[in-house]
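What follows is calculated from the coordinates using simple rules that are stated; it is not laboratory data. What you see is a predicted model; the values in this text were computed from it and never measured. Glycine also receives a Cβ, built like all others from the backbone with ideal geometry; neighbour counts cover every protein chain displayed.
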Amino acid sequence: MSAGLAPCTVLAELHEKARAVLDPVHYDYYAGGVGDEVVLGENEAAFRRLALLPRVLRGRATRDLGVDLPGGRLDLPVLIAPTAFHRLAHPVGEPATARAAAAARTVLVSGMASTVAIGDVVAAARSVDADASVWFQLYLQPDEDVTECLVRRAERAGCTALVVTADSPVFGRHRRDARHGFHDLPAGLAAENMRDLPGAPPGGLRDIEMSPAVSWAHLDRLRELTSLPLWLKGVLHPRDAVLAVERGVAGIVVSNHGGRQSDLAPAAIEALPAVVDAVAGRVPVVLDGGVRSGGDVAVALALGAAAVGVGRPVLWGLAADGEAGVAKVLDVLRDEFDHALALCGGRDPADLTRDMVVSRGAGVIARCG
């Protein structure tokens, strides 16, 4: 930990440190959501409406926090969710995030809209741990040649899985960005994965395209292009989860894009149980959205998630103190989750079960009967 960041025990403190150092325009880009930001708030508020019934006298002296997922093993059930433009938060950007993830022996899902090319991100992770797993997040492009080129770059870089974000047929409308007039990156920064793609001039960039024409057929084509495990992110409806499993995905990510796409969507944790039931154990399910503590991790796992993704807190750590700040976020989540697991009488994540989750104020005695 650098001298510039005093020890802190809650992620909210890192958030406040980040707010103090970030350009207000860039802070609002990271922190903001779509529309009236109802879903943005509900992602966190929904966790506060849930509680865990602990089990007692179960004889657990130590705990194993690790989980195995298609694409890599995590030493704690927390992966770094894909987020864009890390160099807005810190000059080093994504390589700092990658090194912290590798040191914690967890997975970074590197965003397609990264300000550092995927090859350099993976190299940064592997400089810490030669076996580090980095996944590549992908928006399916209407031009399938562009999609294929991005997939090949991820493969050459050594990525161990692809995460297809499927909840963005169009861009979300962000009032904070519109108020600031924030529509382009500052000079010297770019979405580096979009260089030298089909249709771009030599050394030039293509825009990331969102298109409502992108369909299951594009996912089928992607499945034919690569042998990497495919995760489908942005699933909220159980029927879509079933369709994805039928098409050979390796895992599902329940997510409403951090409240950045539709303000009509449910909180991610509220959508989780139905998706878990629909998948019925055929593939693992990850919950991404609203996780702000190790206790939240425990609740999500009790509802059937194999792991959780964390996005904004990682950006706050990165802005507050670079690689050391990201490491602090992961350390806090690890410590808090381990503590929650111990209090619930658990030895490993599988000991957290749905019958332990209750709604606050809904009558615990009746639920236990």
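Worth pointing out:
- Comparing GLY199, CYS149, GLY234 along the charge dipole axis of region 137-241, the residue lying farthest to the positive side is GLY234, per the Cβ-charge model.
- Ellipticity estimate at 222 nm from DSSP helix runs (n ≥ 4, -39,500 (n - 2.57)) divided over the chain, nearest 500: -12500 deg cm²/dmol
- Within the chain, helices built from complete DSSP H runs that reach 18 Å or longer along their own axis (Cα positions) and carry a mean Kyte-Doolittle hydropathy of 0.0 or higher are 312-343.
- Rg/Rg_ref, region 1-126, where Rg_ref = 2.2 N^0.38 Å and atoms are Cα: 1.28
- Net length available on complete extension from ARG48 to ALA213 is 55.7 nm, with 0.36 nm assigned per residue and the Cα-Cα distance removed.
- Size of charge dipole - the chain - debye, nearest 20, with Cβ of Lys, Arg +1 and Asp, Glu -1, no other charges: 760 debye
- GNM result for the chain, Cα springs below 10 Å: residue of ALA117, ALA12, ALA81 fluctuating most strongly: ALA12
- 12 Å beta-carbon shell around VAL253, net charge (K/R +1, D/E -1): -2
- Kirkwood estimate for region 49-189, i.e. one over the average of 1/r between Cα atoms, Å: 17.2 Å
- Taking the DSSP beta bridges with both ends in the chain, the antiparallel portion is around 20 percent.
- Gap separating the Cα centres of region 74-106 and region 321-350, nearest whole Å: 16 Å
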